[in-house]
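Structure first, then comments.
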Amino acid sequence: MENRSDFLIIGSGIAGLSFAMKAASIGTVALITKKEKAESNTNYAQGGIAAVVSGTDNFNLHIQDTINTGVGLCHRDAVEMLVMEGPRRLNELIQLGVDFTRTGDKLDLGREGGHSQNRIVHAHDHTGAEIERALLHSISLNPNITIYENHVAIDLITEHHLGKKISPESQINCWGAYVLDVHRNCVLKFLAQFTILCSGGLGQVYLHTTNPAIATGDGVAMAYRAGAVIANMEFIQFHPTTLFNSGSPAFLISEAIRGFGGVIRSRKGEEFIQRYDSRGSLAPRDIVARAIDIELKKSGEEYVLLNLHHLPPDKIKEKFPLIYETCLSKYRIDITKEPIPVVPSAHYSCGGVKTDLMGRTSIKNLYACGEVAMTGVHGANRLASNSLLEAIVFSHKAFDQAKGINRNDQTSIPEIPDWDDSGTIDTEEWVLIEHDKKEIQQIMWDYVGIVRSNHRLDRAYRRLSLIQNEIENFYKHTKVVEGLIELRNLSTVAGLIIRCALMRKESRGLHFTTDYPNRDDEHWLHDTVITLSDI
Ligand code: SIN
């Protein structure tokens, strides 16, 4: 069974939906998503979109803040494009009906770590959900877009599926993806001349994460298996302030709260982050998360405290309704009166499928956009609220490329074989999938977290290799199910993170290792690049 469209989009966060809106003006769009259409990392984004919209701000300041936070690895051309296109793309969202918070007739601008100015455009503290709402509403009115919910991409379709051997030098083409229709329990071919990965992040590779259950690194894993160039996977951002013991996903306490005046203290009351960086609680995330991690390990405490009770209660409730209500009703914490117990959790992958400034990957007709991509914007650490911005700017660039496809050229996609599951059996071994997933998450949390070492990374690599072999073996003999597809992807991205971390023999931004505690510009002022042929 097959589905043909001009554009295949994998993922329904801000990158996928905004690309869909534009692509639908020139062709037919199939958008596949693993769960319900609103379930994406975007939907959980609290902070907002960083953009230069105030008279006191300027492009140079935003560019410099981004580059300073990225610790030498940001690609300047990508950052300039991001910042300078930002206001235009933001305006498109406003035209579409996104209801950003205003003070009078002006956009209300918040502040977050690493920013020298107030420039975070937001919809109270549920910006992502508001953007999803507006985009999904517009899409529902567009007959050129079909959304396939509960459809899970298994693998990208390339020459490999035609039985051709791919060498490192070959130009690989992408013609779509094999996709599991979860409800009908069958695998379909989704064919398109233009495929774009907008599949979001991979936080589920760690035991504690702000990311929802869907964030299993599918896009990076599929692109890697297809032969795409992957980069900078060692740079995993840990958000400093997630609510202690709030389960999975960990409930995020937005950095905007610190931008509003919230202060992190130890349980003894010390403002200890000042000892690590003079910007204190508003230093970039790598510094704050590492400071918390070190203090917790030294003190043996389980959490630190985020204090807000010196701030006006009415303003807290007005600006952060989601956080206030959730903490009160679900966790019995009145944040206007009591400190919030917080710990860092895995939040964002700065690495991913390497793209150029137009969102093109190293595979022909395969694009990547949003968290799944490594565009060069974030370097070794992402500046807060630059991720939604990256998604709208780069999806627009990919759309500029999409305009070039020849929709009438039916010969551009060869005859693609149906999914072949002969020789596989239905699994009843759910316990194996669950157990392997937990083991990967524990390994990554214990050995590949905020502070790393050669010893920990080697240990992680050895243990993961064993699990990876078992999973591949299980996968070859088992009919595909959602949990198995995700597990295979998690194990692939875990391996990529460990291998990139082992390659980088220095500490920079989000990658800190006790064996090489200093930054080494002489040898490591470049991206960490990895492909299938490197094995
Ligand atoms: C937050 O609200 O703290 C998250 C924003 C981001 O990750 O950029």
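The numbers here are math on the coordinates, done by the rules we state, and not lab data. All figures in this text were calculated on a predicted structure; none of them were measured in a lab. Heads up, the Cβs are rebuilt from the backbone with ideal geometry, glycines too, and the neighbour counts pull from every protein chain shown.
Translational diffusion coefficient of the chain at 10 °C, 1.306 mPa s, Stokes-Einstein with Kirkwood Rh over Cα pairs, in µm²/s as a whole number. If you can, show how the numbers build up before the last one.
On the way: Rh = 23.3 Å.
Estimated diffusion coefficient is 68 µm²/s.
Using alpha-carbon positions, what is the distance between the centroids of region 419-443 and region 133-208, in Å? Here the answer is 21 Å between Cα centres. Ranking 416, 344, 389 by how far each Cα lies toward the positive end of the dipole of region 336-435 (charges on Cβ) leaves 389 at the top. The charge dipole of region 353-463, taken about its Cα centre with unit charges on the Cβ of Lys, Arg, Asp and Glu (plus for the first two, minus for the last two), comes to roughly 920 debye. What share of the DSSP beta bridges in the chain is antiparallel, in percent to the nearest 5? Just about 60 percent of them are antiparallel.
Taking 14 Å as the straight-line reach from the Cα of residue 505, the aspartates and glutamates in range (excluding those fewer than 8 positions away in the same chain) are 234, 458, 515, 520, 521, 522, 527. How far is the Cα center of region 246-291 from the Cα center of region 75-117, in Å? Here the answer is 24 Å between Cα centres. Each Lys and Arg adds +1 at its Cβ and each Asp and Glu adds -1 at its Cβ; summed about the Cα centre, the chain shows a dipole of about 760 debye.
So what is the relative contact order of region 449-535, in percent, for Cα pairs below 8 Å that sit 6 or more residues apart? It would help to have the intermediate numbers written out before the result.
Details: 65 pairs, mean separation 31.3, N = 87.
36 percent.
Give me the number: length gained by fully extending residue 183 to residue 248, i.e. 0.36 nm times residue separation minus the C-alpha to C-alpha distance, one decimal in nm.
On the way: separation 65, 0.36 × 65 = 23.40 nm, distance 2.50 nm.
Stretched fully, the residue 183-residue 248 segment lengthens by 20.9 nm.
Between residue 420 and residue 271, the modelled labels are 6.6 nm apart [label points 7 Å from Cα along Cα→Cβ].
Based on the Cβ-Cβ distance from residue 525 to residue 428, what FRET efficiency comes out when R0 is 56 Å, to the nearest 0.05? That gives a FRET efficiency of 0.65.
So which of 189/354; 164/397; 37/319; 189/437; 35/337; 319/403 end up more than 30 Å apart, counting from Cα to Cα?
Exceeds cut-off: 164/397; 35/337; 319/403.
If you take the alpha carbon atoms of region 111-166 and fit the smallest convex hull around them, that volume is 211 Å³ per residue. If only the Cβ of Lys and Arg carry +1 and only the Cβ of Asp and Glu carry -1, the dipole of region 150-271 around its Cα centre is close to 180 debye.
State the extension gain, in nm to one decimal, for the chain segment bounded by residue 476 and residue 2, taking 0.36 nm per residue of separation less the distance between their alpha-carbons.
Values: separation 474, 0.36 × 474 = 170.64 nm, distance 2.27 nm.
Gain on stretching residue 476 to residue 2: 168.4 nm.
Counting Lys and Arg as +1 and Asp and Glu as -1 over every other residue whose Cβ lies under 12 Å from the Cβ of residue 295, the net charge comes to +2.
What helices does the chain have that are whole DSSP H segments, at least 27 Å long along their own axis by Cα, and with mean Kyte-Doolittle hydropathy of -0.5 or more?
Details: long enough: 76-96 (30 Å, -0.13); 454-477 (35 Å, -1.30); 482-503 (32 Å, 1.04).
In the chain, the long hydrophobic H runs are 76-96, 482-503.
Towards the positive end of the charge dipole of the chain, with charges on Cβ (+1 Lys, Arg; -1 Asp, Glu), say which of 430, 289, 466 has the farthest Cα. The listed residue farthest towards the positive side: 289. Annotation: aspartates and glutamates with alpha-carbon distance below 16 angstrom to residue 479 (same-chain offsets under eight excluded): 155, 181, 418, 420, 421, 426, 428, 429, 470.
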